[in-house]
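The values are calculated or read from the model by the stated rules, or taken from the named source; none is laboratory data. Just so it is clear, the structure is predicted and the values come from calculations on it, not from any experiment. Cβ atoms come from the backbone with ideal geometry, glycine included; neighbour counts cover every protein chain shown. The area values use the complete protein model at the heavy-atom level, side chains included, leaving out ligands, DNA and RNA. Shrake-Rupley method; radii C 1.70, N 1.55, O 1.52, S 1.80 Å.
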Amino acid sequence: MNSLPILPGNAQHRGDRQEQQDSFGFSDLLNPALLAQKGALAVLADGMGGHALGREASHIAVKTFLDGYPQSAPDESIPTTLRRLLQDANTAVRTLAAAEGELDNAGTTLVAAVIHQQCLHWISVGDSRIYLYHAGQITRLTVDHIYARELDREVAAGRIEATVAANDPDREALTSFLGIPELGLIESNIQPVPLQAGDRVLLCSDGVYRALDEAEMREELARYPEPQAAAEAFVSRVLTRQIPHQDNLTVVILAVGECGEVGDVKPRSVPRRHHWWMALGAVLLLTGCAPSLEDMRASTVRVLCRQDEKISTGSGFVVGDGQHIATNWHNAECMTEGGQMGVLLGPRQLAPARVVWKEPERDLAILAVHQKLDRPVAAFTTSPHVRDDEAVFVLGFPGAADDLVDSESLLTVKISRGGISAQVRSEQGLGLYQIDAAINPGHSGGPIFNEAGRIIGISVMKSLTLVPTISPDAQGKPEWGLERVPLAENIAWAIHIDELLPGLRTLGLPFTVDNPGPLEPVIRLARREPAAALVLTLLLFLTAGGLWTWQQRIGVVVGKRSGKAPSSTPRPFRPQLCGLGGPFAGNVLDLPEGALAMGRDPRLCQLVFPAECVEVGRQHALLRFDAQNDQFLLEDCGSRNGTFLEAGDRLPPNQSHRLPPGTRFYLGDRRYRFEVGLANR
């Protein structure tokens, strides 16, 4: 088995073409036996648009590889397997073409890469490419099988002029591809390429590398260590250029080893030292250091999308590393039709932005801004810790408030206050707060803060309806129109902040979940009645000081815990996850370093459940092993149906729960049971 985990990523877009003729796929990355014997396979094919059956040709070529690779003989070497499958794929494409009466008129490129025992094997035919990203540098491994190579050789031999070669109309024509009678040109590596943790293998179609040069590719891979985020960033960067007649584009990535902790939740914590000065710190926190309304305003931004001559406006808020914005997908959807996104930072100061993660079904998106924003990033409070009667602040840029104001005022964040009426779910299972605060068009995508200054939700919609209107046109003549008006008062909705966390985890962006603690009532009181909060905090200060003095006198030492000294020798055991029920019953999985994500979405998880396991969330839970304490850490990712211990105790979402070896748990339903344990090496 590979000593380092292998993480996949992929992204694809049709471009300006009528259909998607690229195909790609991965071998089963959760099959321990296959990984140990043959490693992880990624394959990509680009159907030839000038030929018939381009889409079908690429599909059947990829399918031939994915079906044949796991069935290869145990003693067959990986290079031999790849060459045999390439010939099989060529036969499959020609058989397809003959059946359709298009023999010699159907074709596709193909590149395939295998990572096995930290070594790379690859094979290529056509002009799709494979790159290796290693130690901050990107190297192209494949050679394009195009007529330009022959022309350049003729130039080097002095037989034709360079200008003739450069202007030859067939310069980009393929000289080798699947679908021809004999594969004369095949590229593959001679020796396995050693890989290290952090290396990434990139497969892409020509729609990508004709739009991005290697420096730009290297920039995206350096910026996004997580392979899924990097793949999506490639496609987004190409699309923002709006290249006429843009070809299909597909990016496939295999990442080796730890690419950074994906979805690290960084809980705020205060060191548990029983000293009197901690109470003094609480005084400072409650009387002036809690997030203020100005902090809330500073983290809220105005997002714009321009399409043709139309400009739509919405709201968003800073997340992650300070260079990303969370908002509603419908604020950014115009980019799919050639629109341009931006964040308004000042008068005539628009920072370009692009979509790097989206969930249209949940109406959520995350934008990357092309510059660092000097703005605060707020902490989150998840839905189980939010009360129905809780007071909230709605921040954003309602469009109606733009009337009769100057350009400076367009940047002023508007604040309205209200309360949570109920927590509900949409028909699609989306977690929502129903609130009675004013939410209007333009608020969409803005943050909903609680009184402690934490973001609990994202504004999404108000109860509106369309009514016909009559208004004078430029010549003063009556003109019919439609206008949105409230259907009912004091009814609006905000998306649970929990729904955004999978996107932050996917992109590897840090975030802070700061759920209420024992001093939460005092923090809320500090926002409403600062003087009363100060008096209460001083009482806590005096009480804590008295307790500390008493402890010193009687010799009681509080809060010290024994720790285990790290061992300098390798541990004689390895952490494992054993399936007790459901699709993984009887399987034993060695836990990789870092977090193992479990759920139904292959883009977010390494342990992927079948789509029919509807009780399991898209990214349901994370499992890690704490080698320092010989314990496992299990975290529910805000799943709808919950994560439970064997006895039926439901784990609080977005918090790590320690499990000693031998503990059993299940995801959503008792059918999906697991046990954690330690096995001898």
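Key figures
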| item | result |
| --- | --- |
| Number of positions in the stretch 611-636 that are under 20 Å from LEU29 (Cβ atoms) and open to solvent by less than 40 Å² (accessible area, probe 1.4 Å) | 9 |
| The stretch 334-371, residues that are on the phi < 0 side of the Ramachandran plot, in a loop (DSSP other than H, G, I, E, B), of a type outside the set (S, T, N, Q) and without any contact (Cβ under 8 Å) to a residue 60 or more places away in the chain | GLY339, HIS370 |
| Check on HIS145, over 30 Å from ARG223 (Cα atoms), crowded, with 17+ Cβ neighbours inside 10 Å and in contact (Cβ under 8 Å) with a residue 24 or more places away in the chain | yes |
| Evaluation of ALA97 against (1) part of a helix (DSSP H, G or I); (2) within 26 Å of PRO8 (Cα to Cα); (3) not acidic (Asp, Glu) (one fails), failing number | (2) |
| Any chance TRP329 is at pLDDT below 75 and either open to solvent by less than 20 Å² (accessible area, probe 1.4 Å) or in contact with a helix residue (DSSP H, G or I) (Cβ under 6 Å, 6 or more places away or on another chain) (or both) | no |
| Residues satisfying the stated conditions in the stretch 191-221, i.e. in contact (Cβ under 8 Å) with a residue 40 or more places away in the chain, open to solvent by 60 Å² or more (accessible area, probe 1.4 Å) and within 22 Å of the chain's Cα centre (by Cα) | ALA197, ARG218 |
| When residues of the stretch 412-438 are limited to those that are modelled with pLDDT under 80 and under 21 Å from ILE366 (Cα atoms), the one most open to solvent (accessible area, probe 1.4 Å) | GLN428 |
| Residue list for the stretch 275-316, restricted to those being open to solvent by 10 Å² or more (accessible area, probe 1.4 Å), at pLDDT 75 or above and of a type in the set (A, V, I, L, M) | LEU293, ALA298, LEU304, ILE311 |
| Failed condition for GLN12, given (1) over 29 Å from ALA57 (Cβ atoms); (2) in contact (Cβ under 8 Å) with a residue 40 or more places away in the chain | (1) |
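For (1) over 22 Å from LEU103 (Cα atoms); (2) at pLDDT 95 or above; (3) not polar (S, T, N, Q), each residue gets a yes or a no:
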| residue | (1), (2), (3) |
| --- | --- |
| ASP16 | yes, no, yes |
| GLN21 | no, no, no |
| ASP28 | yes, no, yes |
| LEU34 | yes, no, yes |
| LYS38 | yes, no, yes |
| GLU56 | no, no, yes |
| HIS59 | no, no, yes |
| PRO74 | yes, no, yes |
| LEU86 | no, yes, yes |
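One line per residue, one yes/no per condition, for (1) more than 33 Å from the chain's Cα centre (by Cα); (2) small (Gly, Ala, Ser); (3) at pLDDT 95 or above:
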residue	(1), (2), (3)
GLU100	yes, no, no
ALA106	yes, yes, no
CYS119	no, no, no
ARG140	no, no, no
